[in-house]
1. Pairs needed: first member in segment 137-162, under 25 Å from residue 95 (Cβ atoms); second member anywhere, within 13 Å of the ligand (Cβ to nearest atom) and at pLDDT below 95; C-beta distance under 8 Å; at least 6 residues apart or different chains.
2. For residues that are among the small types (Gly, Ala, Ser) and over 22 Å from residue 35 (Cβ atoms), tally how many sit in segment 123-152.
3. Does segment 52-69 hold any residues that are within 15 Å of residue 126 (Cα to Cα) and more than 13 Å from the ligand (Cβ to nearest atom), and which are they?
4. Just the residues that are under 12 Å from residue 56 (Cα atoms) and within 9 Å of the ligand (Cβ to nearest atom), please, taken from segment 123-139.
5. Only one of these is under 19 Å from the mean Cα position of the chain (by Cα), surrounded by fewer than 18 Cβ atoms within 10 Å (Cβ to Cβ) and either more than 18 Å from residue 129 (Cβ to Cβ) or in contact (Cβ under 8 Å) with a residue 12 or more places away in the chain (or both): 108, 94. Name it.
6. Out of everything in segment 140-152 that is within 11 Å of the ligand (Cβ to nearest atom) and part of a helix (DSSP H, G or I), what residue ends up being surrounded by the most Cβ atoms within 10 Å (Cβ to Cβ)?
7. Would you say residue 14 is out of contact with any Leu (no Cβ under 8 Å at 6 or more places or on another chain), more than 16 Å from the ligand (Cβ to nearest atom), closer than 22 Å to residue 130 by Cα and free of Cβ contacts under 8 Å to residues at least 12 places away in the same chain?
Amino acid sequence: MTARIVRTVDELRAALAPLRSGAIGFVPTMGALHEGHLSLVRAARSENDTVVLSIFVNPTQFTQAADLETYPRTEEADVALAGTAGADIVFAPSSAEMYPSGFATTVSVDAAITETLEGAVRGRAHFDGVATVVAKLLLAVLPDDAYFGAKDAQQVVVVRRMVADLGIPVRIVQCPTSRDADGLALSSRNTRLTPDERAVATAVPRSLRAAQDAFASGTREASALTDAVRDELSAAGLVPEYAEVVDPRGLEPVASVVRSALLAIAVPVGAVRLIDNVVLVPGEDDRIPLPAIEMSHR
Ligand code: PAF
């Protein structure tokens, strides 16, 4: 299937007008599509009559100019991949279309969920940028369902809060993190890792797996679980920016895991920041599968 590209909100609304009697699924992205994005498109395809994917490298959510400049841009390949995975329409607006001259509105979600974890490292502007662009994209597409990956768990918490507070009529669907065979979470930023860094980066999922192993053996103290993460990373020469156990809904820190908890980490590998997380659920065992060779390393 070939996806149709539209560049303006007016064109998008005209394209969607005759399709509104059916369900519309939406996958917002910043392009450089990988299997993780395509799994979101497939989920949207299986639950909706029309699927829209957006590609917009949103400048306002980047808090470092170099990260924005080096963010991979592969639009032609993205449009082909999106179509193959089942997208009908690719909305790829310009910056001027999204932020026309005089643009002066920011959607800002409470600090309790935006100034912790990623917000603490990247600054408040990051989630202001995400909330503002996602609100604009949702209002442009007006989908029934919007699909987000669990790797950006905090983003999903922020977006859910924002759509509930603003009364945007959309169901936010969180889909599981897609991983490479060695456990590394798929991310557009992975393409910026050198081969050596890519090998070292396998310590990131391994560190979460070490915490999951400790959890499966009965460890419940957050500090012991994050120590397991830090130890595994340290063996690979890595130091996390944060490794925290928090409530998966409100992101409040958790001292001991008595109900489901989110263990979230951010780890610089060379010039690339990798983020990843797992949900720890007492009574459930859902460990990241790692290849036997990685396990024998342990
Ligand atoms: O997750 C992303 O790729 C971006 O944060 C999003 C949701 C497309 C907003 O720019």
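The values are calculated or read from the model by the stated rules, or taken from the named source; none is laboratory data. Bear in mind the structure is a predicted one, so any value in this text is a computation, not a measurement. Note that we place each Cβ from the backbone using ideal geometry, even for glycine, and neighbour counts take in every protein chain shown.
1. none
2. The first filter runs over segment 123-152 and keeps only residues among the small types (Gly, Ala, Ser), leaving 123, 125, 129, 131, 135, 140, 146, 149-150.
From the residues that got through so far, the ones that are over 22 Å from residue 35 (Cβ atoms) too are 123, 125, 129, 131, 135, 140.
The qualifying residues number 6.
3. The answer is 64, 65, 66.
4. So the first thing to find is which residues in segment 123-139 are under 12 Å from residue 56 (Cα atoms), and the list is 130, 133-134, 136-137.
Passing the criteria: 130, 133, 134, 137.
5. Working: 94 fails: under 19 Å from the mean Cα position of the chain (by Cα).
Criteria check complete, one pass: 108.
6. Initial filter on segment 140-152 (within 11 Å of the ligand (Cβ to nearest atom)): 146-149, 151-152.
Applying the additional criterion that residues be part of a helix (DSSP H, G or I) yields 151-152.
On the way: 151: 21, 152: 19.
Ranking the candidates gives 151 first.
7. Numbers: out of contact with any Leu (no Cβ under 8 Å at 6 or more places or on another chain): yes; more than 16 Å from the ligand (Cβ to nearest atom): yes; closer than 22 Å to residue 130 by Cα: no; free of Cβ contacts under 8 Å to residues at least 12 places away in the same chain: yes.
Taking the combined requirement at face value, the residue does not satisfy it.
Conditions tested, residue by residue: (1) crowded, with 18+ Cβ neighbours inside 10 Å; (2) outside any strand (DSSP E or B).
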residue: 206; (1), (2): yes, yes
residue: 211; (1), (2): yes, yes
residue: 218; (1), (2): no, yes
residue: 224; (1), (2): no, yes
residue: 228; (1), (2): yes, yes
residue: 232; (1), (2): yes, yes
residue: 243; (1), (2): yes, no
residue: 250; (1), (2): no, yes
